[in-house]
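Engineer: Would you mind keeping the following structure in view while I ask a few things?
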Amino acid sequence: MKIKILYTPLFFAVLLFLFSVTINAQTTISPTPCISAAAEGTKMLTATGQTTLNEEADALVNGQALSSFSTFCAGESLDLSVANKKDNVTYTWYNGSDIITSNPFVVPASLTEITLRLVAVECPAPGLAAQSDLVQTITTGSSAAVSVSVSSGVNETCQWYSNTTASTTGGTLVGSNSTSYSYTPSEAGTMFFYCIVTNGCVGNPKAVSPIFTVTAVNPAVLPIGAGTLSGKTCFDIAESNDGGSCTPLSGRLATKADFSQTATNTQTYTFTPSGAVSKIRFAYVESLEGAIVKSITNNGNEADLYVSGAVTATVVYNNTLSSTNGAGTGTAFGKTTADALTVDLYVIYNNKADGSGTDERVKLTAKIQDCACCGAMISPTVYKTFMCYNLGVSASSNLDPMVPNAYIRGDYYGYGKQTPAMFGYIPGDNQGAYLQYTASSWGNGVKTATDPCPAGYRVPSKSEWQGVVANNTRTAVGGARSGDWGYLYTGVKFGNFMMLPTAGAYNYVNYNMYLSKNASLMYMSSTSASLEGPFSALSDGSYAGSSATVTEVGYKTFGSVRCISEN
């Protein structure tokens, strides 16, 4: 008899008891010829403290210890049994490498050699211990790692579950075959995690980890950082809201946002840092949780240090934002600018290039509405929302903001003043007074108390108007009518989503205000050089748009205001 002990690398032992005899090699074996073999001795076997199998007492053939059973006859039935069985131990008899599935076992007459083996495998319950903090608080867009260590594992599998309550039942499977799991929340809130480890042996005993709690806080609480986050920020599904502040529906259909199309629902947003930073992440906060964003993917590596170039994120919006099963079924159906669905997109980064600093954030808000979107590029990568009309135009006019008309030119403002110097009537004997200002009255890109634009908007800066001129295709629209004021029915379209009417400008001469009879654009900026000095404005001497420039004009000039979003 041969006795062997086999060990596996995963803390379980296989105990082997071999007994071999040779049967006469002949075509026909009668029941009488039998072969005897001398036993090689007996031994007590202990498997690394997990189980002890006494070969003398436990491995039995026809009721006798395997070591003392030495005679086999062809065709004989052998009763194979195990005495003193233990819990969580599986016992398997083998004939060579073949499992013996029936008992008693009949010795095949065709065999010339037979080998009996008894394999005993113990299957203990696994042990689990937390290796990460049980409670973690992070900023959305950052990662939290939860992990455990496993003891007494036998071919174990690890499965991680997330849960919305602090319970180890009813969770959602989120990861497997690892003792750790990394969670990157894109929204603020609390999530719970636990791990179930199952040993891959008889009985499949399990163990459940403690509950891990991860709370993600809104990135809005972080300090405001530097750099720019750019991408499309306004989507008009163009299904209803015909007229008023949303503008006529007919003029919006050509540029409607159809979220069933990849070109609409998949957008790229670009963060351009100001200097070298590190650990760049992206996150979002929805106004209607779970209804707006399907996924956000960081196209960079959030662990990278010394990042000075642009990093992008891909946002996939839900295709149900616009109607797919008939009018009125989209989530954004009927939404105006005032109650639009919004998603705050954040880039979060460490303000030190080597990662030793603190987190800061830059925010960009995207709106999904059933209402006109107006805006233009102010750099090769940055799109900004503008108001659709000049200040002073009533939304009740129900006039298309993309079609020039004398009645959408709005009022005329002097630099630094919150109220118009002249109102946008058809020219007549309008008179007004020259008003002084200070060099910082309109803040040069930062809204001030005297800024005339409504909440959420401000007067554009000189550099922003320069960006509009440099980064958008300019198209002359409308047609001049006869008479001195016929040019008021012309305008310049910048890109596809903003038209500036040729409203001309008022000039202060001899204590009177006169509207110039020249066909020109004159759009105020918030940038001024000095007290009673020149300020910058978007100017064009003709309605063709070909000569549009941002230049300095005299302080006695009063022009139109087109407000830009503060977002």
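Values in this text are rule-based calculations from the coordinates and carry no lab data. From a predicted model like this one, the values you see are computed outputs, not experimental measurements. Backbone-built Cβ (ideal geometry, glycine too); neighbour counts: all protein chains shown.
Engineer: Quote the charge dipole size of segment 313-397 about the Cα centre in Debye, to the nearest 20; the model charges only the Cβ of Lys and Arg (+1) and of Asp and Glu (-1). Mind dumping the intermediate values first?
Structural biologist: Values: 6 positive and 6 negative charges, 27 e Å.
So the dipole magnitude of segment 313-397 works out to roughly 120 debye.
Engineer: Just report the Cα centroid separation between segment 284-314 and segment 242-261, whole Å.
Structural biologist: Comparing the Cα centres of segment 284-314 and segment 242-261, I get a distance of 28 Å.
Engineer: So, in Å, what gap is there between the alpha-carbon centers of segment 335-406 and segment 452-490?
Structural biologist: 18 Å
Engineer: Points 7 angstrom from Cα along the Cβ direction at Ser356 and Val135: gap in nanometres?
Structural biologist: So the label points at Ser356 and Val135 sit 3.1 nm apart.
Engineer: Compute the FRET efficiency between Thr190 and Asn84 as 1/(1 + (r/R0)^6), taking r as their Cβ-Cβ distance and R0 = 35 Å, and round to the nearest 0.05.
Structural biologist: Values: r = 52 Å, r/R0 = 1.48.
Efficiency, from the Cβ-Cβ distance: 0.10.
Engineer: Let me ask another. Which ordering of Thr312, Thr490, Thr266 is given by a fewest-first count of other beta-carbon atoms within 10 Å? Don't skip to the answer; put the middle values down first.
Structural biologist: Details: Thr312 17, Thr490 23, Thr266 14.
Listed from fewest to most nearby Cβ atoms, that is Thr266, Thr312, Thr490.
Engineer: Which residues in segment 271-294 place their backbone N less than 16 Å from a point set 7 Å from the Cα of Ser308 along the Cα-to-Cβ direction?
Structural biologist: Residues passing the 16 Å test: 272-279.
Engineer: Fewest first, what order do Glu360, Glu156 take by the number of other Cβ atoms within 10 Å? Can you show the working numbers first?
Structural biologist: On the way: Glu360 18, Glu156 21.
Listing Glu360, Glu156 from fewest to most nearby Cβ atoms yields Glu360, Glu156.
Engineer: Let me ask another. If you rank Val492, Val285 by fewest surrounding Cβ atoms within 10 Å, what's the result? Can you show the working numbers first?
Structural biologist: Numbers: Val492 26, Val285 21.
Sorted ascending by nearby Cβ count, the order is Val285, Val492.
Engineer: Grab the other residues whose beta carbon is less than 14 angstrom from that of Glu289, score K and R as +1, D and E as -1, and report the net. If you can, show how the numbers build up before the last one.
Structural biologist: On the way: positive: Lys294; negative: Glu187, Glu286, Asp344.
Computed value for this residue: -2.
Engineer: Continuing with this model, one more query. Hey, got the dipole for segment 221-373? About the Cα centre, +1 on K and R Cβ, -1 on D and E Cβ, debye to the nearest 20? Let's see the in-between values first.
Structural biologist: On the way: 11 positive and 14 negative charges, 39 e Å.
Charge dipole of segment 221-373: 180 debye, to the nearest 20.
Engineer: Taking a threshold of 21 Å on the Cα-Cα distance, which of the pairs Lys417/Lys493; Lys294/Lys367; Lys279/Lys363; Lys232/Lys294; Lys294/Lys384; Lys384/Lys462 fall above it?
Structural biologist: Working: Lys417/Lys493 27 Å; Lys294/Lys367 15 Å; Lys279/Lys363 16 Å; Lys232/Lys294 16 Å; Lys294/Lys384 24 Å; Lys384/Lys462 14 Å.
The pairs that break the limit, which is 21 Å between Cα atoms, are Lys417/Lys493; Lys294/Lys384.
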